[in-house]
Amino acid sequence: MTIRSGTLLEARNVSKTFTRGRWYSDCGVRALDNVTLSIQSSSTLALVGSSGSGKSTLARCIAQLEKPDLGEIWFDGRSLANFTQAGFRHLRKEIQIVPQDPSASLNPRWTAAEIVSEPLRVQRWGNEKKRYVRSLELLESVGLDNRAPHQRPYQLSGGQRARLALARALALEPRLLILDESLSSLDLSLQAQIINLLIDLQATYELAYLVIAHDMTLVASMTDQVVELCKGRIVRQEFFPC
Amino acid sequence: MLHVENLRVSYAGGGGTQTAVLRGIDFHIAPGEVLGVLGESGCGKTTLALSILSLLPASTSVKGSIRFLGQNLLVLPERELRRIRGERIAMIFQESGSALNPVMPVGRQVEEVIHAHRDWSLDRLREEAHNFLGQVGLDPSIAQAYPHQLSGGQLQRVQIAQALSCRPTLIIADEPASGLDPAAQAEILEMVVQRTHAALLVITHQPSNLHVLSRSVAMLRGLTSRVLVMYAGQVVEAGSLEQLETSALHPYTQALLACSRPSGQPGARQKLPAIPGYSASFFRLAAGCAFEARCGRRQAVCGEREPDCVDVGERQIRCFVL
C-alpha cells in the first residue's frame, strides 16, 4: 500500500549528554549514546522504552529542538549541521512534532481555525483568506465537524484537541511527523480512532512517522520498524515485513 | 463491608442547574475483595471514588446510601468522617504529583497521615513512616526528598505508603498507575495487592490493569475480582473479570475490550477496532440509552427509553439486546 522510496531521515552515532550541576563538573546524564537509525519515507518507526530511556531527547534532536553533542542527523540527503538559519526555516516545514500533551500546546484564547493557520502565517503562506480556507480543509481532514473552526480549545473534548494538534502539525505538509506520546493521555477507543486516521493520512500525504510509545499494542498495526531504547542505547531493532 | 445503593450525584451548575453525573449506582465490596471500575474518561468514575469519602464540593447533591461497616457515610458528621478517612478507608489519588504537598519532605507526609490517627511520639512516627516507605520498595533515605526530586513511579509509591500506613480495611485507588510505562504499572498494582489485606476499589480506563490485578489477587488471596463497567454515570455491566473477558454481553463492554487488544499483523496497516464518536456528555443526555448513538446493535426501543438493569446469571446488564 505504501510507496517506499529511499531514506528520509538518518541519525548517525548520535549522542547527547545533559550536564547536571556546574558546567565543568563531569556528572552528567547520558541521554543518548551512539544511536544510529534511519526512517524510510512513507513508513513508520516506533520508538519504545521505559521512561527516562532517551526517547523524547532523540525526538527533540531530530526535530531540531535540541542539538546533539556528537553524531550527525541527515534529512533527505543533507546533514542538518550544515544548515543556515534561513535553511532551517524551510526545514521546519518538513519535520513537525505533536507534543506529549497536545492540549497544553494549544493557545486557549485562539479558535481552532486560528491555531491551525498559525504555522502557515509563520511561514508566510498565502494571504489571510487563503489561510482560513486551508485551515477549514485541514480541520475537516482530521475528522472535526463544521462547528470546530470557531471553537476554542476549552470547548473541545480531549480527543478533539488531539485531532486539532494533529491538524496544526499537518498544516505545512511535512514529510516527517513526530508523535511524542501524543495519544497516551486519551481513552483507548479515541487512541484507536486517531491511529486509524494516521493510517489514512500516511497513504494520502506520503508521511513518515516517528511514533514514541510506552505501549506497542495499539501502534503495532501501523509500524514498519521498532527501535527500543534503554538508558540512551538501542537495545532492540526489529523490522516488520508487510 | 461497603454497600452502595442507588447513589445519585449531581453537580450544581450556573443558574441553579443540576447536572446528574452518577445516575443510580449499586454495588458492594466484601472484605479482602478487589472491585474494578472500568470506564472511559468523563463517565463518573472519579466522582464515585470521591463520593464514598465525601470529598465532593459542598454544593454537590449526593443521594442514596453508602454504608460502610454498618454506618451510612452520607449522614455521618465531618468529625466522624475524619476518623474514617485514612484510617479505615484510604485513597490513592489520580495524579500523585499534585496530590502531595510540594513543600514538605515526603517522609513527613507519610508521618502526617499516621499522626492524624495515632497518638505516637515523633520518633515512633518516623520509624513507622520509614517502615512503610521500605515496604513499597523505596529507600528510607528518600524520606528527606521533596516531591519534585522524585520520579512519577516514586511519587506513586509514596502515595501508596501513605495509604497503607494506618492499615485500612478499604483502599480506593483512582488510576493508581496512570502515566507510568506498562512494566512499572504492573509492578505497582502487584505491590498494592501484596502489601495489604485490605479490600480494593480500583478505578481505571485500562482493561489490562484489571487483568494484572485480578491475576495477583487470584494468586495471593485466592479470590476472583469483579468489575463494574461504567458509561455516562451508570453501571452498564457488572460481573467477574473472567466472565467479562471471555464473554462480555453489553455492546459497550465488547467494544471497549476489543479496543484494548487489537489483532492483526504488525505493519499491516489494518484498521483498529474503535468505538465511533465521542463519549456521551452529561449535559446532553437524550431520553434513551446513553450509548445508543455509538452502539452497533441499536434498535428502535434504544432511543425511546432507558434500559433497566437485568440479572443474567451472576451478572447485571443494562441493555435491551438481551
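Across segment B:11-44, the qualifying residues are those that are farther than 19 Å from B:Val236 by Cα and polar (S, T, N, Q), and the one among them that is most open to solvent (accessible area, probe 1.4 Å) is B:Gln18. Reported count of residues in segment A:140-155, each being touching a Lys or Arg at 6+ places or on another chain (Cβ under 8 Å) and part of a helix (DSSP H, G or I), is 1.
Could you grab me the full set of residues in segment B:170-190 that are without any contact (Cβ under 8 Å) to a residue 60 or more places away in the chain and of a type in the set (A, V, I, L, M, F, W, C)? Residues satisfying the conditions are B:Ala177, B:Leu180, B:Ala183, B:Ala184, B:Ala186, B:Ile188, B:Leu189. In segment A:197-242, the qualifying residues are those that are under 17 Å from A:Leu176 (Cα atoms) and open to solvent by 70 Å² or more (accessible area, probe 1.4 Å), and the one that is nearest to the other protein chains (Cβ to nearest Cβ) is A:Asp200. On the stretch given as segment B:68-88, residues that are touching a strand residue (DSSP E or B) at 6+ places or on another chain (Cβ under 7 Å), closer than 29 Å to B:Gly13 by Cβ and either assigned to a strand (DSSP E or B) or open to solvent by 20 Å² or more (accessible area, probe 1.4 Å) (or both) total 2. The residue list A:Thr57, A:Thr44, A:Thr111, A:Thr84 contains one member that is of a type outside the set (Phe, Trp, Tyr) and open to solvent by 30 Å² or more (accessible area, probe 1.4 Å), which is A:Thr84.
If you check B:Ser41, B:Ser10, B:Ser65, B:Ser54 for being under 16 Å from the mean Cα position of the chain (by Cα) and more than 21 Å from B:Val113 (Cβ to Cβ), only one passes: B:Ser41. Scanning segment B:90-125 for residues being open to solvent by less than 30 Å² (accessible area, probe 1.4 Å) and either touching a Cys at 6+ places or on another chain (Cβ under 8 Å) or assigned to a helix (DSSP H, G or I) (or both) gives a total of 9. Checking every residue in segment B:136-147 against the condition of being in contact (Cβ under 8 Å) with a residue 12 or more places away in the chain, under 22 Å from B:Ser260 (Cβ atoms), open to solvent by less than 10 Å² (accessible area, probe 1.4 Å) and out of contact with any Gly (no Cβ under 7 Å at 6 or more places or on another chain) gives zero matches. Put simply, of B:Pro207, B:Pro182 the only residue that is over 25 Å from B:Gly107 (Cβ atoms), touching a Cys at 6+ places or on another chain (Cβ under 9 Å) and within 12 Å of chain A (Cβ to nearest Cβ) is B:Pro207.
The values are calculated or read from the model by the stated rules, or taken from the named source; none is laboratory data. As the structure is a computational prediction, the values presented were derived from the model and not from experiment. Here Cβ is always computed from backbone atoms with ideal geometry, including for glycine, and neighbour counts include all displayed protein chains. Ligands, DNA and RNA are stripped out before the accessible areas are found, and what is left, the full protein with its side chains, is counted by its heavy atoms. Shrake-Rupley method; radii C 1.70, N 1.55, O 1.52, S 1.80 Å.
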